[in-house]
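Comments concern the structure below.
The values are calculated or read from the model by the stated rules, or taken from the named source; none is laboratory data. Note that this is a predicted model, so its numbers are computed, not measured. Quick reminder, even Gly has a Cβ in these numbers, built from the backbone with ideal geometry, and neighbours come from all protein chains shown. To get the accessible areas, we keep the full protein, side chains included, count just its heavy atoms, and leave off ligands, DNA and RNA. Shrake-Rupley method; radii C 1.70, N 1.55, O 1.52, S 1.80 Å.
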Amino acid sequence: MTAYLEIEGEASVAFRQGFRACQAGEPQDANPYLEEERESTQRREWNFGWQHAHDQNINFDFVRRQVAMPPEWSQEAIKPWEAVYSREASAFVSHEYWSDTGSVNVFRVVGTMHQQYQGKTWLQFLLGGKRMQHNLQRLMDNPDYYLHPVIRQPKIDFYTVDGLDYYVGSDGNHRTCLARFFLDQEGKSQLHEVTVHHHHIDQAFLHVYHALQASIREHQVAKAIWADRRLLGRDDTAGWKVDRFEPFLICRDLTTGQEMELNQAQAHDMTLDLAAKACPTTASARPSLWRRLFGVGGS
């Protein structure tokens, strides 16, 4: 990064001064750069760092061998964690399992939480990872680190929602990438002594929630719904735990301000109620969920 600042030092300094002024609450015109120019500057700095790392990493024989005969999987793009675990989906987690000493098949690691690595292929990451040079040297000095259970500092942590596809969490992106290439070469697959987080999502309830949202919009009903969850309990001993949750919905009548809590079955019933109201003959034979729960009419 130092080399970049020498090339475009004045622009970088001016940008940082302006941006810090805005962050500190000074007048908007203290920053001479528009938001898109700030993002463009960050992209240029990142791309420069990526190219600089590439020039260093390609000096390792290990990397040159992978480039010469890349494994087929090395062309797969690294997926974003947000694609399977959105903020909305987090409300429908029924179980969270954590283990401090798990094992993961590195070839089932398909993505990461780190946005700057998402979309890169594994081979691109091997070539351009900014800290790959340091980790490559450690691989050359101590290959047993990837072959046997050892204390890993910092931890390598993985996240999953289905127990099949894993995503790198807050640390371990470079080491996971190296493990894939190195263990492939060694005919192995498991990386031991890693931290595993398994979020089990109640997909059926999430589907019902989406259906109810769509029905409220379609029928223009004066109601708002949102999801939440409550902790039911925890099972644990040393090195692992399972937290159990109960997802639920809150439905507010925007006309009266009255709220009620819905479980999955009740949310499904409300969806049917809204569909029935679109058909008068069906609606007359089916009292609304609101009336059944509160003994009053509701739209």
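Computed values, structure above
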quantity: Selected residue (criterion: farthest from the chain's Cα centre (by Cα)) from residues of segment 191-243 that are of a type in the set (Ser, Thr, Tyr) and within 23 Å of Lys155 (Cα to Cα); calculated: Thr237
quantity: Residue check, His197 part of a strand (DSSP E or B) and open to solvent by 10 Å² or more (accessible area, probe 1.4 Å); calculated: yes
quantity: Hits in segment 66-106 (condition: surrounded by 17 or more Cβ atoms within 10 Å (Cβ to Cβ) and part of a helix (DSSP H, G or I)); calculated: Gln66, Ser74, Trp81, Ala89, Val106
quantity: Wholly within segment 206-275, strands (runs of 3 or more DSSP E) carrying at least 2 residues that are surrounded by 18 or more Cβ atoms within 10 Å (Cβ to Cβ) and free of Cβ contacts under 8 Å to residues at least 60 places away in the same chain; calculated: 240-253
quantity: Meets criteria (surrounded by 22 or more Cβ atoms within 10 Å (Cβ to Cβ), of a type outside the set (Lys, Arg) and over 25 Å from Gly239 (Cα atoms)) for Gly119; calculated: no
quantity: Only listed residue being at pLDDT below 95, closer than 26 Å to Trp50 by Cα, outside any loop (DSSP other than H, G, I, E, B) and not β-branched (Val, Ile, Thr), chosen from Leu127, Leu136; calculated: Leu127
quantity: Pairs with Cβ under 6 Å, 6+ apart, first in segment 86-115 and closer than 27 Å to Tyr209 by Cβ and touching a residue at least 40 places away in the same chain (Cβ under 8 Å), second among the hydroxyl-bearing types (Ser, Thr, Tyr) and surrounded by 14 or more Cβ atoms within 10 Å (Cβ to Cβ); calculated: Gly111/Tyr167
quantity: Only listed residue being on the phi > 0 side of the Ramachandran plot and open to solvent by less than 50 Å² (accessible area, probe 1.4 Å), chosen from Gly163, Gly111, Gly129; calculated: Gly163
